[in-house]
Amino acid sequence: MAKPKIIVVGGGLAGLSAVIKIAESGGDVDLFSIVPVKRSHSVCAQGGINAAKNLKGEGDTTAQHFDDTIYGGDFLANQPPVKEMCDAAPAIIDLLDRMGVTFNRTPEGLLDFRRFGGTLYHRTAFAGATTGQQLLYALDEQVRRYEAEGHVTKYEHWEFLSAVLDGGRVCRGICAMNLRTMEVRTFACDALIIATGGIGAIFGKSTNSVVCTGSAQSALYQQGAHYGNGEFIQVHPTSIPGEDKLRLMSESARGEGGRVWVPKQKGDKRDWKSIPESERWYFLEEWYPKYGNLVPRDVATRAIHKVVYEHDLGIDGQPMVYLDLTHIDRATLNRKLEGILEIYEKFVGDDPRDVPMKIFPGMHYTMGGLWVDFKQATTIPGIFAAGECEYQYHGANRLGANSLVSCIYGGFSAGPEAVKYAKGLQRSAASNGHFDAEKKRQEEINSRLISSDGSENPFRLWRELGETMTRNCTVIRYNKNLQDTDAKIVELLRRFQKINLSDKSAWANTSFIFSRQLYNMLQLARVVAQGAARRDESRGAHYKPDFPERDDANFLKTTKAYFAADADEPRFEWETVDTSLIKPRPRRYDAAK
Amino acid sequence: MVGDKKKTVEIHIKRRTSPKEEPRWEEFSLPWKPGMNVISAMMDIAANPVTQDGKTTTPIAYDSNCLEEICGSCAMLINGKAKMACSALIDKLEQPIKIEPLSKFPVVRDLAVDRSVLFENLKKVKAWVPVDGTYDLGSGPRQTPSKQEQNYPLSRCISCTICMEVCPQFNEDTGFVGAAAISQVALFNDHPTGAALKEERLHALMGDGGIHECGYAQNCVHSCPKEIPLTKSISRVSGDVMKQAFKDFFTT
């Protein structure tokens, strides 16, 4: 039999991990990415990667990591794959160490570990404050090695448009577009791995990179793949508000001792320095004495919201609170947090070693995603998914420093599973007509779009989508607002038909490419909004004041959305969560668990 | 308020619809907002693509991704200096702000350029650690914190190619490999396992376009947005290349 041919779409940590496993097992890979893979969004991860290596004499175990992850995710994740991930994490750290990641060290030369949110252990390995960048580079280097040896062919500056499905709805390849020549082409494969990251752009401004539109996931959802737990969106408690995006201020700032506070007195006009200790309100430390500033992200986010909007104590009346590192000495800060402090300094202009940072919650991570089984397989035969684009590992809320490990573990699982599937695949007996048909379908979409002669600017439609989603579909959710949001998205979809591309050229036409992504964003946004409307409870990142408690009797279930093509809208079903290993218990961070 | 003093931002952008076309300048006048940077200005143009004299135009093509100066995408010439557009704050730039694509790389469209030469160079110098495999082989080699502190800055290179853009020696005549790739050689040669490929890397830096093309202008180290000690890397590797050449001479 010929060597299995696998296509991987997306060159972040998950995609590259899959590529490495496939190439190592002798398979050939075509790797597609919108940007050169070294520029993928994984580089933005700052704080670290979790693994219970127990190098600090605290008695940490992978079982404890597993429990923290399930508990942090409010029991919504299926438990067996999460356990396997936590068990595999220490060996993943070792491998990254062997690949040359410049992890911080202890005096003895061992890996150093820091504390992160949602755990009481030092479990997070880190490379300065640019851990994601360092990890991505290590994998990128290994992939470059396989590329030099001829096992990997990169298609950078190509955008995935759709899967090519045969008459039996089995994946036989992909249809993609060259972002420079605008050529639409099909590529054959035996199995496809999707590793295209989060959906931040649906919320307009987020901490995600520009390419994180969710367009690929949405295209597959519209082709029949199920989408799991779409309503679970993590809003990071500490982001730096900006004109073009929200920049992340890593949880490691709190892991290293950063304290969140506001002046106790409403409308306090004094400079932060002249506010004495006794007149500062360290509300996280007061409300959650056990975890203090290191409560999980959803808890910290809601607390900041409450202080700003209910207590009306935002700094200068603005939606911002202080994140203060000024009590820590400069040398320590430089050694452990230089990368993230540099970001603040560069983009705001103040030095956080001297002045407390001003931060506010921002959309950060997509817990939901393409539904996959325990082998990373989506509901379309031959299509696998790994990384942030799938829903499997984080339940209703992701713990800090668990994303990097889930991306790498997911890719390491998906790669070999895809190879196994490809080896057992029945060759398509029928004609190759489905390749031509899919190419034609995509070219027709393109020609409709380019000749569309309306009055709507795609970038302005996008801003409206982002504002609506951020207002109604993030930290606090009301059913009335969610229904309005869905109606607004339907309106935007209607207006999309009257789009006007001021650029009609057929070379590197960025507004054309963006408009294609925008359509897919709109379709997927409905899954998020409607999924949120259906879940009448509060769990993890999903919070409804009208239903403030977790409701296991009715909602300890995975939301599964699928696309009803005739009606052009999502349909939903519920699936039981596998809680076979840890019995669900109330999730509280104001006391020991 | 500051906004009253500077109500608009004036930006001139050098544009080209395709590589074949002659470049032309377009001028824009945008409403000023607090905290603007060059990227947010271009986002505003995309939402309202009209030039200063009221002519409808097309959104600007440019490379970008993270907007946090860590993906390395958005390098361009801003008021004549090679910079990352995401961290170029409008309030710190003299107006009219002149924006051009990098000059040493083929233009794709407007401000987007093709910088694949750097990734090819990284292949040439084998910038990786040759691990045996991804199966569980236990932990990596121990390293002192001081070693980590020496190498971590080198591993923060974002492949923006600004060091190559500003280098007088980086051009078609010399084929010079550039500071970024040389600094990666310094990083990997210093890794206990990476050192296995040290000789191959040093050989890759001999001959045409090799490390001897460096003229020590030091523009690279002064322009690097990540403040990587590039000239230090170049001297370290340069010494090793000389030693290697000497060794080669007596062993062949």
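Entry note: the stretch B:181-234 has Rg to Rh equal to 1.00, where both radii use alpha-carbon atoms and Rh is the Kirkwood radius.
Rg/Rh, computed from the Cα trace of the stretch A:165-213 with Rh as the Kirkwood radius, has the value 1.10.
For the stretch A:262-343, the normalised intensity computed at q = 0.24, 0.25 Å⁻¹ comes to -1.23, -1.25 (log10 of I(q)/I(0), Debye sum over alpha carbons, equal scatterers, no solvent). Seen from a random direction on average, the alpha-carbon convex hull of the protein assembly as shown projects onto 35.3 square nanometres. Seen from every direction in turn and averaged, the convex hull around the alpha carbons of the stretch B:1-96 projects onto 6.7 nm². Within 10 Å of the Cβ of each residue in A:241-250, the mean number of Cβ atoms contributed by other protein chains is 5.
Each residue, A:Glu491 and A:Glu285, gets one label point 7 Å from its Cα in the Cβ direction; the gap between the two is 4.6 nm.
Strictly greater than 13 Å: what percent of every Cα pair in the stretch B:123-165 meets that? The proportion of pairs with Cα distances above 13 Å equals 74 percent.
Between the stretch A:522-576 and the stretch A:258-307, the alpha-carbon centres lie 32 Å apart.
Per residue, the convex hull spanned by the Cα atoms of the stretch A:453-509 amounts to 75 cubic angstrom. Computed over the stretch A:537-586, the Cα gyration tensor eigenvalues convert (square root of 5λ each) into semi-axes of 25, 16, 7 Å, ordered from largest to smallest. Computed over all pairs of different Cα atoms, the Kirkwood value for the hydrodynamic radius of the stretch B:61-207 is 17.3 Å. Counting only alpha carbon atoms, the long axis of helix B:230-251 and the longest principal axis of chain B meet at about 30°. Within the stretch A:1-160, the percentage of alpha carbon pairs spaced more than 26 angstrom apart rounds to 35%. Scalar couplings 3J(HN,Hα) for the stretch A:189-198, obtained by applying the Karplus form with A = 6.51, B = -1.76, C = 1.60 to θ = phi - 60°, are 7, 8, 8, 10, 10, 9, 9, 9, x, x Hz; x denotes Gly and Pro. Over the stretch A:354-419, the fraction of Cα-Cα pairs per 10 Å bin, rounded to whole percents and listed from the shortest bin up, is 20, 45, 20, 9, 5, 1. Shielding value for B:124-136 is 6, the average number of Cβ atoms from other chains within 10 Å of each residue's Cβ.
Please list log₁₀ I(q)/I(0) at q = 0.12, 0.20 Å⁻¹ for the stretch A:383-514, using the Debye equation with identical point scatterers on the alpha-carbon positions. These q points yield log10 I(q)/I(0) values of -0.89, -1.07. Using every pair of separate Cα atoms, the Kirkwood estimate puts the hydrodynamic radius of the stretch A:197-289 at 16.7 angstrom. Can you pull the percent of Cα pairs in the stretch A:403-459 with separation above 16 Å? Pairs farther apart than 16 Å: 71 percent.
Dimensions of the stretch A:292-392 from C-alpha coordinates, computed as largest minus smallest value along each principal axis and given longest first, are 55, 37, 26 Å. Counting only the Cα atoms, the stretch A:213-253 fills a convex hull of 108 Å³ per residue.
Size descriptor for the stretch A:137-188, Kirkwood hydrodynamic radius: 12.7 Å (Cα pairs only, one decimal). Residues A:Arg98, A:Arg105 in ascending order of nearby Cβ atoms (within 10 Å, fewest first): A:Arg105, A:Arg98.
For the stretch B:141-193, the ratio of Cα radius of gyration to the globular rule of thumb 2.2 N^0.38 Å stands at 1.37. Output the 0 to 90 degree angle, nearest 10, between the alpha-carbon long axis of helix A:79-98 and the longest principal axis computed from the alpha carbons of chain A. It is inclined by approximately 80 degrees. Mind checking the log10 I(q)/I(0) for the stretch A:85-170 at q = 0.13, 0.14, 0.15, 0.22 Å⁻¹? Debye, one equal scatterer per Cα, no solvent, two decimals. So the normalised log intensities are -0.65, -0.71, -0.77, -1.11. Counted over the stretch A:350-391 with a bin width of 10 Å, the fraction of Cα pairs per bin, in whole percents, is 25, 28, 15, 16, 14, 2. The stretch B:6-45 has equivalent-ellipsoid semi-axes of 24, 10, 6 Å, by the square roots of 5 times the alpha carbon gyration tensor eigenvalues, sorted largest first. Taking Cα atoms, how many degrees apart are the long axis of helix A:330-348 and the longest axis of chain A, rounded to 10 and kept between 0 and 90? Around 60 degrees separate the two axes. With N as its number of residues, the stretch A:445-593 has a Cα radius of gyration that, divided by 2.2 N^0.38 Å, comes to 1.31. In the frame of its principal axes, the stretch A:1-77 has Cα extents of 48, 33, 29 Å, reported largest first. Using C-alpha pairs under 8 Å with a sequence gap of at least 6, the mean separation divided by the residue count of the stretch A:1-145 gives a relative contact order of 30 percent. If the Kirkwood radius is taken over C-alpha pairs of chain B, then at 10 °C and 1.306 mPa s the Stokes-Einstein diffusion coefficient equals 78 µm²/s. Binning the alpha carbon pair distances of the stretch A:504-568 at 10 angstrom intervals from zero yields the distribution 17, 34, 23, 16, 8, 2, expressed in whole percent. Can you show me the helix-derived [θ] at 222 nm for the protein assembly as shown, built from DSSP H runs with n ≥ 4 at -39,500 (n - 2.57) apiece and divided by the number of residues, rounded to the nearest 500. The helix-only estimate for the protein assembly as shown comes to -10500 deg cm²/dmol at 222 nm. For the stretch A:135-257, the C-alpha radius of gyration divided by 2.2 N^0.38 Å, with N the number of residues, is 1.31.
Every number in this text was worked out from the coordinates using simple rules, so none of it is lab data. It should be emphasised that the depicted structure is a prediction, and the values quoted were computed from it without experimental measurement. Neighbour counts are summed over all protein chains in view; Cβ atoms, including those assigned to glycine, are modelled from backbone coordinates with ideal geometry.
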